[in-house]
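Undergrad: Just passing along the structure, written as structure tokens.
The values are calculated or read from the model by the stated rules, or taken from the named source; none is laboratory data. A quick note: this is a predicted structure, and the numbers were derived from the prediction, not measured. Every residue, glycine among them, receives a Cβ derived from its backbone with ideal geometry; neighbour counts consider all protein chains shown. Side chains are part of the model used for accessible areas, which takes the heavy atoms of the whole protein and leaves out ligands, DNA and RNA. Shrake-Rupley method; radii C 1.70, N 1.55, O 1.52, S 1.80 Å.
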Amino acid sequence: MNNNKVLVSFDSNTMRLMVGTKIQDRGYEILYASDGLEALRIIYEERPLALVAYYDLPTISGFSLSRIIKNSQSIKDTSVIVCTTETSSVLDFWAHNSHSDVVFMLDEHNGDELALKTDEECKKVLEIYSKKDFTFPNEKDVLKSIVEAYEQELFRLCIIQDAFYTSGETLDLNKIIESMIVQIASVYNYDALGIIVNDEKIKEFYSHTPDISEKDIDDFIQICHSDFISNIKRKEYNWQNAITSIKGKRQKLSTEKIRSYECFPRDKTKVFPFTIHVATHKQEAFYTRTINRIDFFAEVYSILIEKALQFNQTISKEKKIRNAFERFVPEKIIDNILQGDNGLSASIGEKRMVAILIADIRSFTTISEINQPEDIVEFLNYYFTIMGAIIKKHGGTIDKFMGDAIMALFGAPESYEDNGNRAAKAAMEMMNALSSIDISKLKMPKNYNFGIGIGVHYGQPIVGSIGSQEKKEYTVIGDDVNITSRLEGLTKLYGSPIIISGSVKKDIENFSATHVNLDNYFLRHLDNVKVKGKSKPVAIYELSSEINKFSENFLENYKKALNQYSIGNFSNALEYFTKANNEYPKDKASKLLKERCKEFLLNKPQDWDGAVTLNTK
């Protein structure tokens, strides 16, 4: 094409001549127009390489003129340079959305720079023309080009609007694809449609008309696979594991055959998260306008699909993290990690009211010695699963597993008004669950009855993420943990499977006083002790779900004995402990304190404060 024409359109005669002269000096033939409508007529008649137009032209502004040209198929290759002489946010908006090739800030000193920029744009257009057959447009009706541009703009607006509403309603990939299929059907009457999404596991969606044959749809799917591989690169394409959805009833035989097929998007320089495949029975059925529209549609929806994939990947990762850690890490801590709250605030310790429960299997060392390691591990996993579920049910979290022992927290990281009461209820249910534990796969020591001991204490330990930069553990530390461990150890000495501290008893009673208590339980004040390493007495209580475990007479004698024992009247205490033990010889606590009274009558302890110091763990 031997064309060196440039159209210059300014409403000011002075500006037209000044700009035109500068461009003419670079060897171009200059055409002039004083308004936008005249400029549009000249573009159709003369087909210039470039239009240099002022943004505020009469009739049709420079920005609107640019949009009309770029949306008109026959003249869209014309380079458009829109000139402004001022700046504002409004001008910036229209400049950005004008589809022009260049927006140039013109002043009285940079006319040569504008001429150089025009020369560069003209050379680009000549290069485009050299690669395709060029013919002047037949359409002389300028109004037709305006209508064409309007239709194109309206189409794009509708697609963007639908995409916007879809994105506002859902990030569900399947629903977005369903919306896409509906929208594509409004753009083109296809006979077969395929959408393949490049997710972690490839997802395929197919839709077709009723009159397509089984063979044609199978062939169509194979072509779709081939084009997907050509357009989207990944390590493997395992179609056997792809998630496939096909809508439409297939006929075994059909006289109609697929004759036209296109794969979108057509732009291979961009990376898209999916491919669209469209086929029809009609021959040569894809016109330029249809192809451009489906391409634009694909470009808009690629943003939605990308967001949906990212959202699904985030949800999938979160699910994997929860599945991996929920048995070991409190749920609230997992929430904080996923929300990014793993900084300083998560590491600083704080004092908090927490009920601590420690449960230990009786004589498990002996059991381990006579069983295979793999059998022991299998049993512990089974046992921990049952006990862990009970703890979680009552609002507790597993802090750690210590061999065959469990340490659980009630009040950290999630706290309730009755942490001690919850821990007590969990302890009773754990004890009751022993009857359902299957120990048949393990060898047991002779005359051994499978059992556990549980200690529960309610205190104010330090709570926080403790450890090094490489590894941290959300846990509790302090005297309260040691006290709980000692209470669990005392269950053997006093023969009570569950021993709780006075602070737990107080929480149970406070909760029972303000709520309808549907849980029946038995409490007995066993003793006041100073556990190993501690000088402050701790009141310890037996807790059981067996309400009628002892007679009223036994409990009355034990209570009187403990009162006399506490004030140092060991003679009277011995009398009442003996009565209690005679009535219930299996009671280890009354027997223990009876023997202790005998010892104290012979060797009265100095500075007696009602609490014995115990040196056993």
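Undergrad: Restricting to the chain, what percent of DSSP beta bridges are antiparallel, rounded to 5?
TA: 65
Undergrad: Over 20 Å between Cα atoms: which of Lys22/Lys123; Lys536/Lys586; Lys175/Lys233; Lys492/Lys532 fall into that group? Spell out each step's value before the answer.
TA: Working: Lys22/Lys123 17 Å; Lys536/Lys586 30 Å; Lys175/Lys233 25 Å; Lys492/Lys532 15 Å.
Violating the 20 Å limit, Cα to Cα: Lys536/Lys586; Lys175/Lys233.
Undergrad: Of the options Gly396, Tyr521, Tyr261, report the single residue whose Cα projects farthest towards the positive end of the charge dipole of the chain (beta-carbon charges: Lys, Arg +1; Asp, Glu -1).
TA: Positive-most Cα among the choices belongs to Tyr521.
Undergrad: For Cys83, list long-range residues whose amide hydrogen, built 1.01 Å from N in the peptide plane, is under 5 Å from its own amide hydrogen.
TA: Sorted by chain and number, the residues that satisfy this are Ala53, Tyr54, Tyr55, Phe104.
Undergrad: On full extension of the chain, what length is gained from Lys247 through Ser535, given 0.36 nm per residue of separation minus the C-alpha to C-alpha distance?
TA: Contour length minus Cα-Cα distance gives 96.0 nm.
Undergrad: If you roll a 1.4 Å probe over the chain with all protein chains in place, what percent of the accessible area is carbon or sulfur?
TA: For the chain, the apolar C and S fraction of the accessible surface comes to 50 percent.
Undergrad: Which whole-number value in Å² is the accessible area per residue of the chain, probe 1.4 Å?
TA: Each residue of the chain exposes 53 Å² on average to a 1.4 Å probe.
Undergrad: Leaving ligands, DNA and RNA out of it, rank Phe10, Phe164, Phe296 by accessible area with a 1.4 Å probe, largest first.
TA: Sorted by accessible area, descending: Phe164, Phe296, Phe10.
Undergrad: Using only DSSP helix segments of four residues or longer, with each worth -39500 (n - 2.57), what per-residue ellipticity at 222 nm results for the chain after dividing by its residue count and rounding to 500? Please list the in-between numbers first.
TA: Working: 19 runs with 285 residues, N = 617.
Calculated at 222 nm, the ellipticity per residue is -15000 deg cm²/dmol.
Undergrad: Using Cα-only point scatterers and the Debye equation, what is log10 of I(q)/I(0) for the chain at each q in 0.08, 0.11 Å⁻¹, rounded to two decimals?
TA: Debye intensities relative to I(0), on a log10 scale: -0.78, -1.07.
Undergrad: Please give the Cα centre distance for region 273-316 versus region 60-121, rounded to the nearest Å.
TA: So the two Cα centres are separated by 31 Å.
Undergrad: What is the angle, in °, between the Cα long axis of helix 502-514 and the longest principal axis of the Cα atoms in the chain? Nearest 10 is fine, range 0 to 90.
TA: That helix lies at roughly 70 degrees to the long axis.
Undergrad: Arranged from highest to lowest average of other beta-carbon atoms within 10 Å per residue, in what order do the peptides 603-611, 273-281 appear?
TA: Top to bottom by mean Cβ count within 10 Å: 273-281, 603-611.
Undergrad: In region 384-446, what is the count of Lys pairs whose alpha carbons are under 30 Å apart, counting only pairs at least 8 residues apart or on separate chains?
TA: 10
Undergrad: Moving to a separate point now. Round to the nearest 10 and give me the degree value, 0 to 90, for the angle of helix 173-187's Cα axis relative to the longest principal axis of the chain.
TA: That helix lies at roughly 20 degrees to the long axis.
Undergrad: Explain nothing, just the number: dipole magnitude of the chain about its Cα centre with +1 on each Lys and Arg Cβ and -1 on each Asp and Glu Cβ, in debye rounded to the nearest 20.
TA: Charge dipole, the chain, about its Cα centre: 3140 debye, nearest 20.
Undergrad: Expressed as an acute angle from 0 to 90° and rounded to the nearest 10, what is the orientation of the C-alpha long axis of helix 479-494 relative to the principal long axis of the chain?
TA: 40
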